[in-house]
Amino acid sequence: MGTQQPDERTGTRESDGRARGTGRRALLGAAVLGAGGAVLGLPGTAGAAQSGAAGHRGGGLRSLPVPTIIGHRGASGYRPEHTFGSYELALDLGAHVVEAGDLVPTRDGHLVCRHEPEIGGTTDVADHPEFADRRTTKTLDGVPTTGWFTEDFTLAELKTLRATERIPANRPHNTLYDGRWEIPTFEEVLKWQDEQTRKRGRQVWIYPETKHPTYFRGLGLGLEERVAKLLRRHGKDGKDSPVILQSFEPTSIQRLNKLVDNPLVVLLSSADSRPYDFVATGDARTVADLVTPRGLREIASYAQGIGPTVDLVIPKDADGNLAAPSTLVRDAHAAGLILHPYTVRNENPFLPPKFRKGTAKDAYGDVFGVFQAYFATGIDGVFTDNADTGLLAREDFLANRPVNH
């Protein structure tokens, strides 16, 4: 999850390649305990959370608690993103859903979990002299991008790398975990999901994304067919499957809609942006066109939800502070769509100026106030790098919400 733009050594590992001693052993005690048992992700908590939630009932996507707290790339506020350490910590912190998998392919056609195909900023590839000659510049969705790309590596080669913190200036403490975990494959994530579901006594949900599907289809590495094949293999391709699929490219979601019955979500960037599949095919529409009532009805013909940037839900004024909410929540609900906006983070630079505390890049601001503003719009859930914070904010919101008699 993110915008459309590219943005311990090996040790002892489990037989499936995951490092022992994962982040789930560090529960950030006081913050989590303060949120109550439901936040701890104990057996039965999904039902407990649902009983206190507003809105949706029924199977599949609409069985999730509302508002849903989605662990953005796991618990990426505390661990390097898209690692099993990050994913498991998100569950330990109580996330209802884990965004386990921004999916990009390897040269030999495997799907792996990285925020972007360029991996110079999220792995230690630059420390591997054997891969120095793989550094190159490519045009990724129209943007010249320099680094190392997953499609130039076999899976075996990628497995020699280790994950690192993507934004160390904002999260210097996360660098402690640099080098501890390897890059997971999507198939490993699907097996992990089953393992964690059995272990925790509750259904674990995941929310993978197809990344740059037009770009990869042009390389002969189509994503949707690979995703569908793996979901079918693991029996997770049904409408009530606990795997929500998302993409910034509407045609990728349309393609998936023909291949699987999973819940589908169209991601939406800034209002003036164009999905890259639109750019590639000469479709002049922008996101602003997609969020009109007509555009939303069209999305509802092949998807069950949208994942808008939070700025589409509450625009910002010239100073970067929250203005009046838009009509997007109302309009999307009228079209039968759920909304899972992205992304709320705790650190100052990611918050509107009025919610910041001090000027330090790694300091936390008043993120609880930000969560309350977004929850008050009626959104169905939110992506956050800090699931424990999100759950505490959710608890506050539900406790203070007027009760209709």
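The values are calculated or read from the model by the stated rules, or taken from the named source; none is laboratory data. The model shown is predicted, which means the values in this text are computed figures rather than measured ones. With ideal geometry, Cβ positions are generated from the backbone for all residues, glycine too; neighbour counts draw on all protein chains shown. Side chains are part of the model used for accessible areas, which takes the heavy atoms of the whole protein and leaves out ligands, DNA and RNA. Shrake-Rupley method; radii C 1.70, N 1.55, O 1.52, S 1.80 Å.
Of all the helices (runs of 4 or more DSSP H) wholly in the stretch 225-317, which have at least 1 residues that are of a type in the set (Gly, Ala, Ser)? Spell out how you get there, then give the answer.
Details: elements: 250-259, 276-281, 287-290, 293-300, 310-313.
Result: 250-259, 276-281, 287-290, 293-300.
Kindly provide the set of residues from the stretch 366-389 that are open to solvent by less than 10 Å² (accessible area, probe 1.4 Å), assigned to a helix (DSSP H, G or I) and either farther than 25 Å from residue 331 by Cα or among the aliphatic types (A, V, I, L, M) (or both), ordered by number.
367, 370, 387, 388
Confirm whether residue 166 is modelled with pLDDT of 95 or more, open to solvent by less than 40 Å² (accessible area, probe 1.4 Å), over 23 Å from residue 220 (Cβ atoms) and among the basic types (Lys, Arg).
Details: modelled with pLDDT of 95 or more: yes; open to solvent by less than 40 Å² (accessible area, probe 1.4 Å): no; over 23 Å from residue 220 (Cβ atoms): yes; among the basic types (Lys, Arg): yes.
In short, no.
Of the residues 336, 295, 369, 305, only one is at positive phi and either at pLDDT below 95 or of a type outside the set (D, E, K, R) (or both); which?
Working: 295 fails: at positive phi; 369 fails: at positive phi; 305 fails: at positive phi.
Every option except 336 fails the conditions.
Please verify whether the stretch 112-123 includes one or more residues that are surrounded by fewer than 18 Cβ atoms within 10 Å (Cβ to Cβ) and either out of contact with any strand residue (DSSP E or B) (no Cβ under 6 Å at 6 or more places or on another chain) or more than 29 Å from residue 280 (Cα to Cα) (or both).
To start, the set of residues in the stretch 112-123 that are surrounded by fewer than 18 Cβ atoms within 10 Å (Cβ to Cβ) comprises 120.
Now drop any that are not either out of contact with any strand residue (DSSP E or B) (no Cβ under 6 Å at 6 or more places or on another chain) or more than 29 Å from residue 280 (Cα to Cα) (or both), which leaves none.
No, the stretch 112-123 contains no residue that is surrounded by fewer than 18 Cβ atoms within 10 Å (Cβ to Cβ) and either out of contact with any strand residue (DSSP E or B) (no Cβ under 6 Å at 6 or more places or on another chain) or more than 29 Å from residue 280 (Cα to Cα) (or both).
Being open to solvent by less than 60 Å² (accessible area, probe 1.4 Å) and under 18 Å from residue 381 (Cα atoms): is that true of residue 340 here?
Details: open to solvent by less than 60 Å² (accessible area, probe 1.4 Å): yes; under 18 Å from residue 381 (Cα atoms): yes.
Yes, satisfied.
In the stretch 323-330, is there at least one residue being surrounded by 21 or more Cβ atoms within 10 Å (Cβ to Cβ) and touching a Ser or Thr at 6+ places or on another chain (Cβ under 7 Å)? First the steps, then the outcome.
First, the residues of the stretch 323-330 that are surrounded by 21 or more Cβ atoms within 10 Å (Cβ to Cβ): 328-329.
Checking the rest, the ones that are also touching a Ser or Thr at 6+ places or on another chain (Cβ under 7 Å) come to 329.
Looking through the stretch 323-330, at least one residue is surrounded by 21 or more Cβ atoms within 10 Å (Cβ to Cβ) and touching a Ser or Thr at 6+ places or on another chain (Cβ under 7 Å).
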